[in-house]
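Below: one structure, written as structure tokens.
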Amino acid sequence: MKGKILKNKVYLYMTEFFAGMSVMAAELGASRLLAPYFSSSQIVWTIIIGTIMIAMALGNLWGGRSADKNPDPDRLYLRIIIAAVWLAAIPVLGKYIIVGISGVMIFAVNSNLLIWAAFAACMIIFVFPLFLLGTVTPSLVKYTVDSLDSSGRTVGILNASNTIGSIIGTFVPTFVTIPSVGTSATFLIFAGILLLLAAVYFISEKRKLVHIAIAVVITVLCCIFGAVSSFAFWQSDIEYEGESVYNYLQVTEDDDEVILSTNVLFGVQSMLEKSGGLTGMYYDYAMAAPYMAGVHQKESLDVLILGMGTGTYATQCSRYFDNLSFKGVEIDEKIIDLSRKYFELPESVEVELYDGRAYLNAASEKYDIIMVDAYQDITIPFQMSTVEFFTLVKEHLREGGVMVMNMNMRSGGEGGINSYLSDTVSSVFGEVYTVNVARTSNVELFASDSADILGTMAENVALEDNPQLASLMESISESLEKYSAGERIMTDDRAPVELLGMRAIDSLIFDEAEYYRDVFRRGGFRGLIDSLT
């Protein structure tokens, strides 16, 4: 039987509207919940979209059958209450579920760890509430269609309400709630909207008030505990944790260094050594580029950094060279702010808020050195990994100019992501050299059309009056290997960077976890617990 409030079709359309809005908000929230652990690559997005579509399809099927068998509106709005409480609980429990699943998957699968872990996390966390929300549309059709004469119009209005809600649910989290109050608060906001929607129905009908009270209490508790917990809940040295339109951002600090990470489980995006000396990190190795470009033979050099991050490369170069001028390009404004606050990037270093490739398309200036450092673990922007991109880089280099590229996943050997990137660069530049950064997974690649960049480097290292820096450059020079080009060339039409990056990360994770896998094989869970205590 229809209650009084359901005789007003506007309320039914509102139910459809807010259900559609909450589904899309949950989908975008899912991407941000998973990104700190699994990245925000196209693969992760595919898993999220596919999982949610499965949940919605099953919800549509079950909801239609349920509405035909028992067309009681109470059942629909109880499902909405359960979905609301479930969404509210995600900020409290979601991160623990993800970490737990990842730990189990290390021992349960032998390949594609991140794919399976992300899929399992999506299934466990999101399928049930979105299945429940998927029952809304067929149930509302049952309540709103009074006659066949008006059925088309009524169903059209319902679908339009759902679509408009979905549109708003797409834009609000991305541009308003996630950047301003975060992912956890976003889940809580939309859970609250659903709960209010169901509460209006039951209060107007004067039924299920105890159910509403229990749901409100649970949601309030989720607000208290969910809005304050950290993505990296096991860390105690976090100076800053937040989110931007593009990234999860975490700054940690100890007595020796400051670190920026955009991923909780693996990867360091930027590191500043407080001592200010040489660190042996990738940005020290990348300082070979100024020598290849003739830093001690030219009055000045212009350096462009695509993927400025926290400006570590510019800061380090500025400590050793006084004739370099820098321009950085960084797409994430919050990272620029963090670079000034935590990473000592001078205000004098200009940073453009832009996508790296879009900047090259718009700019006409040429540079002596272009540093490409926009690759974050799995999240490699495909548009900055193709022949077309590297051709743009080459066009923005002066004669004798050098491109240096930081590749941060030395894994996979032949056929890995670095092989594809190096082959692609080699199809554009005449001279390509690589060097492995000691004690890290980074590889520095140097490319130029100058046939004698090694000779230029040797001449300029000989002019270096800092003995430590000269020694490091001599060591790098001895380790440089001329790259033998292959045919694994990526283009704007085909650049499988996500799959290649996922394989590389899987390999790195399994290498790190092999000790514990071996302990588990020999001693089971008891042996594993003993090894950790």
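Results, tabulated for the structure shown:
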quantity: Check on Pro381, more than 26 Å from the chain's Cα centre (by Cα), farther than 15 Å from Ala293 by Cβ, assigned by TED's automatic domain parsing to the domain that holds Arg357 and of a type outside the set (Lys, Arg); calculated: no
quantity: Residue satisfying condition, being among the β-branched types (Val, Ile, Thr), surrounded by fewer than 14 Cβ atoms within 10 Å (Cβ to Cβ), within 28 Å of the chain's Cα centre (by Cα) and on the phi < 0 side of the Ramachandran plot, within set Val92, Val104; calculated: Val104
quantity: Positions within the stretch 257-286 being assigned to a loop (DSSP other than H, G, I, E, B), in the same structural domain as Asn442 (by TED's automatic domain parsing) and buried (at least 24 other Cβ atoms within 10 Å of the Cβ), in sequence order; calculated: Ala286
quantity: Residue in the stretch 27-44 that is surrounded by fewer than 18 Cβ atoms within 10 Å (Cβ to Cβ), of a type outside the set (Gly, Ala, Ser) and assigned to a helix (DSSP H, G or I) present; calculated: yes
quantity: Strands (runs of 3 or more DSSP E) contained in the stretch 291-400 and holding at least 2 residues among the aliphatic types (A, V, I, L, M) and over 29 Å from Ala504 (Cα atoms); calculated: 301-306, 350-353
quantity: Boolean, Gly242 is of a type outside the set (Phe, Trp, Tyr) and either part of a loop (DSSP other than H, G, I, E, B) or touching a Pro at 6+ places or on another chain (Cβ under 7 Å) (or both); calculated: no
quantity: Filter pass, Asp256 being without any contact (Cβ under 8 Å) to a residue 60 or more places away in the chain and not β-branched (Val, Ile, Thr); calculated: yes
quantity: Search result, residues across the stretch 153-195 that are over 21 Å from Ser31 (Cβ atoms) and of a type outside the set (Ser, Thr, Tyr); calculated: Arg153, Val155, Gly156, Ile157, Leu158, Asn159, Ala160, Ile164, Leu195
quantity: Test set (1) in a helix (DSSP H, G or I); (2) over 19 Å from Ser244 (Cα atoms); (3) not aliphatic (A, V, I, L, M) - Arg207 fails condition number; calculated: (1)
quantity: Evaluation of Met405 against (1) of a type in the set (A, V, I, L, M, F, W, C); (2) surrounded by fewer than 15 Cβ atoms within 10 Å (Cβ to Cβ); (3) under 22 Å from Asp373 (Cβ atoms) (one fails), failing number; calculated: (2)
quantity: The stretch 448-483: number of residues that are in a loop (DSSP other than H, G, I, E, B), out of contact with any strand residue (DSSP E or B) (no Cβ under 9 Å at 6 or more places or on another chain) and under 19 Å from Thr434 (Cα atoms); calculated: 0
quantity: Ala191 being in contact (Cβ under 8 Å) with a residue 40 or more places away in the chain, of a type in the set (A, V, I, L, M, F, W, C) and within 24 Å of Gly242 (Cβ to Cβ); calculated: yes
quantity: Among (1) modelled with pLDDT under 90; (2) part of a helix (DSSP H, G or I), the one test that Pro71 misses; calculated: (2)
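The values are calculated or read from the model by the stated rules, or taken from the named source; none is laboratory data. Quick caveat: nothing in here was measured; it's all calculated off a predicted structure. With ideal geometry, Cβ positions are generated from the backbone for all residues, glycine too; neighbour counts draw on all protein chains shown.
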